[in-house]
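What follows is a single structure, written as structure tokens, with notes after it.
The values are calculated or read from the model by the stated rules, or taken from the named source; none is laboratory data. A quick note: this is a predicted structure, and the numbers were derived from the prediction, not measured. Cβ sites come from the backbone with ideal geometry, for glycine too, and all protein chains shown count toward neighbours.
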Amino acid sequence: MRRRSLLLQVGVSVLLLAFLALLVNNLAVNLLRTGLGLDFGWLGRPSGFALAESALPYTPSDNYLWALTIGWLNSLKVIAAGLVLATLLGVAAGAARSSSNRLLRSLAGGYVAVIRQVPLLLQLLFWYFVAFLGLPETPIGDLIQLSNQGISLLGMPLSVEFCAVLTGLTVFTGASIAEIVRGGVNAVPRGQWEAFRSLGLSEGLGFRRIVLPQALPAILPALTSQYLNLAKNSTLAIAVGYADLYAVSDTTITQTGRAIEGFLLLLISFLLLNLLISGGMAGINATVLGRMRRSR
Amino acid sequence: MTVAIRATDLVKSYTPGSRALDGVSLEVASGEVLVVMGPSGSGKSTLIRTFNGLEKLDGGELDVLGVRLDAAHEERPVCEIRRRVGMVFQQFNLFPHLSILDNITLAPVKVQKRPKVQAEQRAIELLDQMGIREQAHKFPAQLSGGQQQRVAIARALALDPEVMLFDEPTSALDPERVKEVLDAMRQLARDGMTMVVVTHELGFAREVADRVMFMDQGQVVETSDPASFFTNAREERSRRFLSQMV
Amino acid sequence: MNRWLNRSVTLVLTALIGWGVWSVLHWLLLAADWQVVVSNLPLYVVGSYPVDQRWRPLLWMIALVVLIGFTLLGPRRGPLQRWLPLIWLAMAPLGLWLVAGGMMLEPVSTRDWGGFTLTLLLTFGSGLLALPIGVLLALGRRSRLPVLRLSSTAYIELMRAVPLIAVLFFGQLLIPLFLPPGLEINRVLRAVLAFAFFAAAYIAEDVRGGLQAIPPTQREAAAVLGLSEWQSLQLVVLPQALRIALPSLTNQAVGLLQNTSLMAILGLVELLGISRSLLANPVFIGRFLEVYLWLAAVYWLACTAMALLARHLELRLDPLRSDR
Ligand SMILES: Nc1ncnc2c1ncn2[C@@H]1O[C@H](COP(=O)(O)OP(=O)(O)OP(=O)(O)O)[C@@H](O)[C@H]1O
Ligand SMILES: [Mg+2]
């Protein structure tokens, strides 16, 4: 038995290694043929392309590494805003789906049913080309000034591209979060609703203080994976020309031809992003569960 | 008289420092019905699960139908034993995605390579014998517990085993369902099957068992014929156990 | 709920919905121009496929629609029902043959594949490829052999960490680099491979969830009957695990169909790609809303049909409801 599994183990390792070796060998041959080797020196060279928006000062004479960093920050910006807004929208829609108002309930249900069955990319294009570029050229509104040149929120200027990506991600992810919230809420026994109603608590207060806290342990893990999805989906920003990490990487690779290095950098950046998100969520998870345990 | 199972000084420990089996020796003659009793956690399940290699031994030696097993055994003898020894679990363990008929014919067709038609014929016979012929095309979840357990017995019998192991086959059943399963087992014993039965059914033990073995804390406390075990058990521990049972 | 609050919510919502309906009607009746959709229907369906050969993809799609109808509405018993899963599996190679040609049909280059045909081919092809890879990865991740377990885990986790668009982009760039020199594969095939490699990692996690849900007593019962480990996996554990994983696998399939739209960014002219090139045509300038609504309807229908089919399959496979 043990001998056999050892043999199997060795056999599998050899096969895997052989396969990897074949791939690496092909890679080496192809790289030699095309005269490219693994090299990160180009990161220090000036990029030569402009970026539509940057959180920190950036000019085309800055190097590729800095351009990628700006892209990463842009990604972070839209992801962070998206996380917050999608959560708010999702929780609201999820709550609406268990509301006693029939109209509200079916509206939320319709929202989820439509949004989840239509590709995110199509939705992004809609928000960009139809909703935001369809705004009038001269600003309308007061506190929020809307125009197809950009949005100004309380004096803070936001680009149209940013707004389109943010809206698209929020609406799309919000629908998934609504489903998760509904699932979690449905798992809370009906008796809890009757209990807070019989105590005279209002529907909203009861939902927030009684039902949601009990549903959270089931909701949080699924929420984490939705957040990770949102982060990954934010790369579709390239379709509307928002200069996020992926868009900058894409331009960089097209200019330098450094596909493998570019892929490695992107992989590392995303591992970092995922780590940030799941780390943050693990923290929230621990606090929430800890507080619930203490309050028992 | 030939010996079907001979166990010598079996030792099994799941966690270091505690022993689920602590030097168990016994013999089961072929055609014999041995009933194993004992308090919860005394090692009854562990014992009969070593008989077909579901639990690995940590010490001692087993001889099942002439095949030897010990702490260092290889996979091969276990396969042979499993082909010749049937087992019925407390929780039935039927395959929920297969019909009753497919549950029974799976092993004969896939392991023994019997023709499908012949295996199905045999399965129907066995279901008939168990009194549940009309359930053949249903699925496990559509049957009562007693019916499921009889299917499980039929499934084990379909391989024509020489020994049958039962681990508390009636413990998960409603009281009114227990009898139908015990009746099936009684018939099996009458037909001369070698059986090792872990059960708390005193009536069954008294009537069907050739010998009763009492275990406690991984050890055999006493083995005697049912009449003397139930009227005057030799050991204090057995008597205490029996008094709590009634 | 407080009766006044309830009433005012209803009132506000009614007003909102009324306003929405009014503006949609206004747009539909006064502003919308469906020329961009109507006059280009063949493009949306088959792309720039040679006109005299269009019957081939059309035939395939009609066969698909008939099959969907038969599966959902057809009789529950009968000789055909037993072969239904196989017929479904056969639809992918059939579609490939009809569209690509060869073997009695005139070959059509992948450059001419497009529209909804290409969307469906990408979905079917990569889904069919991803499922076995995903199952193997799931088994690998639960294997006792450390090499297998670690490499499967690493693959799954890395693949799930990166965005799909990156996998597709680098698939186009990198797959050729890993192939022996001289062996070239076309863009569509590269896309199918990249999709499959990506989806397999997610499928693996769904299947692993199913595997974990099977109680160990099922393996025991199989072992006791003398089934080998491989037989127990194939006959007892996997069928149950896949059944449990079916709802999440459905979500993956729907996701896959939606995600084929990403190939538009990389220049394939599947349903979204062809629309983008149409919108770039000066004749149809600014007709975004019409095109997007039309596409949304098509995707929505396709995804909903898929979900319905899966739901149907789920019910049929449920041993409690099925009566053979
Ligand atoms: N898989 C396991 N891992 C660790 N310990 C175990 C395991 N199975 C059994 N044990 C321990 O071994 C001892 C014997 O257990 P066993 O199941 O054989 O008892 P039993 O006599 O069958 O009890 P019961 O009447 O409750 O079924 C117990 O102390 C139990 O806790
Ligand atoms: Mg037991």
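Numerical summary
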read-out: Number of the exception - residue B:166 against (1) more than 16 Å from ligand 2 (Cβ to nearest atom); (2) farther than 13 Å from residue C:225 by Cβ; (3) buried (at least 20 other Cβ atoms within 10 Å of the Cβ); value: (1)
read-out: Residues satisfying the stated conditions in region B:48-61, i.e. surrounded by fewer than 16 Cβ atoms within 10 Å (Cβ to Cβ) and within 10 Å of ligand 2 (Cβ to nearest atom); value: none
read-out: Criterion violated by residue C:68 - all others in (1) within 18 Å of the chain's Cα centre (by Cα); (2) without any contact (Cβ under 8 Å) to a residue 60 or more places away in the chain satisfied; value: (2)
read-out: Test: residue in region B:101-122 that is modelled with pLDDT of 90 or more and in contact with a strand residue (DSSP E or B) (Cβ under 7 Å, 6 or more places away or on another chain); value: no
read-out: Residue identified as among the hydrophobic types (A, V, I, L, M, F, W, C) and either closer than 25 Å to residue C:290 by Cβ or in contact with a His (Cβ under 6 Å, 6 or more places away or on another chain) (or both) among A:181, A:160, A:185; value: A:160
read-out: Pairs with Cβ under 7 Å, 6+ apart, first in region B:131-147 and within 11 Å of residue B:177 (Cβ to Cβ), second among the acidic types (Asp, Glu) and surrounded by fewer than 16 Cβ atoms within 10 Å (Cβ to Cβ); value: B:145/B:174
read-out: Selected residue (criterion: nearest to residue B:37 (Cα to Cα)) from residues of region B:163-175 that are within 13 Å of chain C (Cβ to nearest Cβ) and of a type outside the set (D, E, K, R); value: B:166
read-out: Residues of region A:211-236 that turn out to be surrounded by fewer than 18 Cβ atoms within 10 Å (Cβ to Cβ) and farther than 17 Å from residue A:84 by Cα, as a count; value: 4
read-out: All positions within region B:184-226 that are of a type in the set (D, E, K, R) and free of Cβ contacts under 8 Å to residues at least 24 places away in the same chain; value: B:186, B:190, B:191, B:207, B:222, B:225
read-out: Cβ pairs under 8 Å, 6+ apart, first in region B:59-72 and charged (D, E, K, R), second assigned to a loop (DSSP other than H, G, I, E, B); value: B:70/B:57
read-out: Top-ranked residue in region B:62-95 [being part of a loop (DSSP other than H, G, I, E, B) and surrounded by fewer than 16 Cβ atoms within 10 Å (Cβ to Cβ); ranked as farthest from the other protein chains (Cβ to nearest Cβ)]; value: B:66
read-out: Subset of region C:166-180 (residues that are at pLDDT below 85 and part of a helix (DSSP H, G or I)); value: C:173, C:174, C:175, C:176, C:177, C:178
read-out: Residue list for region C:121-134, filter: among the aliphatic types (A, V, I, L, M) and either outside any helix (DSSP H, G or I) or surrounded by fewer than 21 Cβ atoms within 10 Å (Cβ to Cβ) (or both); value: C:128, C:129, C:131, C:133
read-out: Residue in region A:119-135 that is outside any helix (DSSP H, G or I), away from chain C (no Cβ under 12 Å) and not aliphatic (A, V, I, L, M) present; value: no
read-out: Condition met for residue B:34 (modelled with pLDDT of 95 or more, closer than 27 Å to residue B:190 by Cα and more than 14 Å from chain C (Cβ to nearest Cβ)); value: yes
read-out: Any hit, region C:197-211, residues being away from chain B (no Cβ under 14 Å) and in a loop (DSSP other than H, G, I, E, B); value: no
read-out: Filter pass, residue B:17 being surrounded by fewer than 16 Cβ atoms within 10 Å (Cβ to Cβ), closer than 16 Å to residue B:80 by Cα, more than 16 Å from ligand 2 (Cβ to nearest atom) and more than 14 Å from chain C (Cβ to nearest Cβ); value: no
read-out: Filter result for residue C:158 (more than 21 Å from residue A:224 (Cβ to Cβ) and surrounded by fewer than 21 Cβ atoms within 10 Å (Cβ to Cβ)); value: no
read-out: Among the candidates B:40, B:45, B:30, B:99, residue that is within 16 Å of ligand 2 (Cβ to nearest atom), under 30 Å from residue B:132 (Cβ atoms) and among the polar types (S, T, N, Q); value: B:45
read-out: Residues of region B:75-96 satisfying the condition of being of a type outside the set (A, V, I, L, M) and either within 16 Å of ligand 1 (Cβ to nearest atom) or free of Cβ contacts under 8 Å to residues at least 40 places away in the same chain (or both); value: B:75, B:76, B:77, B:79, B:80, B:82, B:89, B:90, B:91, B:92, B:93
read-out: Filtered residue count, region B:11-40, keeping only those that are closer than 10 Å to residue B:218 by Cβ and in contact (Cβ under 8 Å) with a residue 12 or more places away in the chain; value: 10
read-out: Qualifying position, being more than 30 Å from residue A:242 (Cβ to Cβ) and buried (at least 20 other Cβ atoms within 10 Å of the Cβ), among A:185, A:181; value: A:185
read-out: Exclusive hit being at the interface with chain A (Cβ under 9 Å from one of its Cβ atoms) and surrounded by fewer than 22 Cβ atoms within 10 Å (Cβ to Cβ), set C:266, C:279; value: C:279
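Per-residue answers, yes or no, for (1) modelled with pLDDT under 90; (2) in contact with a strand residue (DSSP E or B) (Cβ under 6 Å, 6 or more places away or on another chain); (3) within 13 Å of another protein chain (Cβ to nearest Cβ); (4) in a helix (DSSP H, G or I):
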{"residue": "C:182", "(1), (2), (3), (4)": "yes, no, yes, no"}
{"residue": "C:191", "(1), (2), (3), (4)": "no, no, no, yes"}
{"residue": "C:194", "(1), (2), (3), (4)": "no, no, yes, yes"}
{"residue": "C:221", "(1), (2), (3), (4)": "no, no, yes, yes"}
{"residue": "C:232", "(1), (2), (3), (4)": "no, no, yes, yes"}
{"residue": "C:236", "(1), (2), (3), (4)": "no, no, yes, yes"}
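Okay, residues lined up against (1) of a type in the set (D, E, K, R); (2) within 20 Å of residue C:234 (Cβ to Cβ); (3) within 8 Å of chain C (Cβ to nearest Cβ):
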position: B:99; (1), (2), (3): no, yes, yes
position: B:104; (1), (2), (3): no, yes, no
position: B:111; (1), (2), (3): no, yes, yes
position: B:120; (1), (2), (3): yes, no, no
position: B:125; (1), (2), (3): yes, no, no
position: B:129; (1), (2), (3): no, no, no
position: B:141; (1), (2), (3): no, no, yes
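For (1) within 12 Å of another protein chain (Cβ to nearest Cβ); (2) surrounded by 13 or more Cβ atoms within 10 Å (Cβ to Cβ); (3) more than 30 Å from residue A:253 (Cβ to Cβ), each residue gets a yes or a no:
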| site | (1), (2), (3) |
| --- | --- |
| A:31 | yes, yes, no |
| A:41 | no, no, no |
| A:56 | no, no, no |
| A:65 | no, yes, no |
| A:85 | no, yes, yes |
| A:93 | no, yes, yes |
| A:98 | yes, yes, yes |
| A:101 | yes, yes, yes |
| A:107 | yes, yes, yes |
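Conditions tested, residue by residue: (1) in a helix (DSSP H, G or I); (2) within 14 Å of chain C (Cβ to nearest Cβ); (3) within 17 Å of residue B:42 (Cβ to Cβ); (4) more than 16 Å from ligand 2 (Cβ to nearest atom).
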{"site": "B:161", "(1), (2), (3), (4)": "no, yes, no, yes"}
{"site": "B:177", "(1), (2), (3), (4)": "yes, no, no, yes"}
{"site": "B:182", "(1), (2), (3), (4)": "yes, no, no, yes"}
{"site": "B:185", "(1), (2), (3), (4)": "yes, no, no, yes"}
{"site": "B:192", "(1), (2), (3), (4)": "no, no, no, yes"}
{"site": "B:206", "(1), (2), (3), (4)": "yes, no, no, yes"}
{"site": "B:223", "(1), (2), (3), (4)": "no, no, yes, yes"}
